[in-house]
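To keep things clear, I will list the structure first and then write my remarks on it.
The values are calculated or read from the model by the stated rules, or taken from the named source; none is laboratory data. In this text, all values refer to a predicted model and were calculated from it rather than measured experimentally. Note that each Cβ is placed from the backbone with ideal geometry, even for glycine, and that neighbours are counted across all protein chains shown. With ligands, DNA and RNA removed, areas are computed over all heavy atoms of the protein, side chains included. Shrake-Rupley method; radii C 1.70, N 1.55, O 1.52, S 1.80 Å.
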Amino acid sequence: MNRSGALALLVALFACVAVSSVHAAEREYFWNEVSNATQWEEPSVPVPFEDSESGKKYYVDPKSGESVWEFPGKWKEVESEEHGLPYYHNTDTKESSWEKPEDMAWQRVKHDESEL
């Protein structure tokens, strides 16, 4: 192997190690804004992702695998016509609440282990 070939190989190897290190250092955990619980494992309910262009939250429907803007569970966020504020309605039990249900309160949080 000539000198330029060896140099190219070293640069490529370094780039692979650097990229692997960056991805290994960043992890994601889950935080519930209602209960204040945190966990490394993904909750059993859908947790939103954030659209990088619009900043809007979206979900992946566990039944269809499609991306959807609304929470794909039994709870729906509805705006009160009278008060102009959101409330939450359970389509199964017909229960309504001004308080956000725990099922809808999970968030993804990026964690950079290199900052510890």
So Val78, is it of a type in the set (Val, Ile, Thr), under 18 Å from the mean Cα position of the chain (by Cα) and either farther than 19 Å from Asn32 by Cα or open to solvent by less than 40 Å² (accessible area, probe 1.4 Å) (or both): no
Cross-chain or 6+ apart pairs with Cβ under 7 Å, region 87-103 first and of a type in the set (D, E, K, R), then assigned to a loop (DSSP other than H, G, I, E, B): Asp92/Lys74; Lys100/Val34; Glu102/Val34; Glu102/Ser35; Asp103/Val45; Asp103/Gly73
